[in-house]
1. What FRET efficiency, computed as 1/(1 + (r/R0)^6) with R0 = 45 Å and r the Cβ-Cβ distance, is obtained for ALA245 and ASP38, rounded to the nearest 0.05?
2. How big is D, in µm² s⁻¹, for the stretch 101-228 by Stokes-Einstein at 4 °C and 1.567 mPa s if Rh is the Kirkwood radius over C-alpha pairs?
3. Tell me the Rg and the Dmax, in Å, that the Cα atoms of the stretch 161-257 produce.
4. Using the alpha carbon gyration tensor of the stretch 277-372, what are the three equivalent-ellipsoid semi-axes (square root of 5 times each eigenvalue), largest first, in whole Å?
Amino acid sequence: MSGHGRTRRWSVVVALVAVLASLPALVGALPADDADVDAADLRAAVLASDGVGFSGYAVSAGGLALPVGDQLPGVADLLSDRTALRVWWRGPGEHRVDVVSAAGETGVHVGADGTWTWEYESATATRTAPAALTLPAPPDLVPASLGRRLLSEAEDGELSRIGARRVAGRDALGLRLVPAAPAASVARVDVWADAATGLPLAVEVVAVEEGGGEASVPALDTRFLDLDLTVPPAGIVAFTPPAEARVRTGEDPAGLLREAADRELSPVRLPVELAGLGRRDVAGAPAAVGLYGSGVTLLAVAPVPGRLAAGLRSTLTAAPDAVTDELGTRIAAGPLGLMLVEPPRSGAYVLTGTVTLDALADAAAALPGMTS
């Protein structure tokens, strides 16, 4: 495709997304029909919607100002900017999500044998094999997949109904999740599910403010603007690199962690509980990484080599809201906490998750090397 043709295609797509982005306020003002469905049954309907195929436009607005832009620019942009998504979804293991912006277009094609990421402007195709641990990617922001994931481990006592609203021209039933764990940095999660199919159409994640209470603006707000509940053709989801493409192999974050642990770190026995959260097993995760909590209250702990700790220390201490004391340096970006701990009698650790700064400090104090 010529440069002129590509620019024109882009202009049309960006203009369409801009128009669609102006519609939610108008459509949301229309009355919505609620239904006599209790919170537990609505959650069950949401979880059962993973077989629903669809296509449409969605927009995600993130407010997580992560101090890792230089190291992980794609992740930082995804969680801090307004992101326009064009989605074709045949199922959890077969879908395509295109990110559309004024700067370019990137398509993420997920299939049974892994993921292709196609960067249109640079004609670069990156192949990534399935992995237990992955970095946040555009499909994670699709309201349907995000809503199901956030509700997947919710307890009945954490759920309540919050009425109905119109989303993407459809009646959507509201479901609120308020985490019960004292360590939680998420104040609430609101999911609006299609009344007919249970498919999540909009998700809002609101953080706990310092000192308690709720933040006034959601840390993450993702919703459909337009939706077609028809299974898209397999051909539009599948991807084969064009002949002129530059093909690369993506890195597996779990593999990198495992390699670092094997080469540079001594084995560490992490506690079975941190900050009141029990340790959990995740198939495929490196043994050196400790994962704690459940639902939307999660904490990950990983030992890191000294050279990585030095770079992270510099990044964290430069953040204007960083807290540094004898336990280490920690920051919060909305509900996401990040902390570097460097015990005097052992190697360094990174702690991150949807827990409060106080919970990070409690967890840090219980790590090997921090206690006598």
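Any read-out appearing in this document is the output of simple, stated calculations on the displayed coordinates, not a laboratory observation. All of these numbers come straight from a predicted model, not from anything done at the bench. Neighbour counts run over all protein chains shown; Cβ positions are idealised from the backbone, glycine included.
1. 0.35
2. For the chosen part, D equals 78 µm²/s.
3. Rg and Dmax of the stretch 161-257, Cα atoms, are 19.4, 56 Å.
4. So the three semi-axes of the stretch 277-372 are 20, 16, 13 Å.
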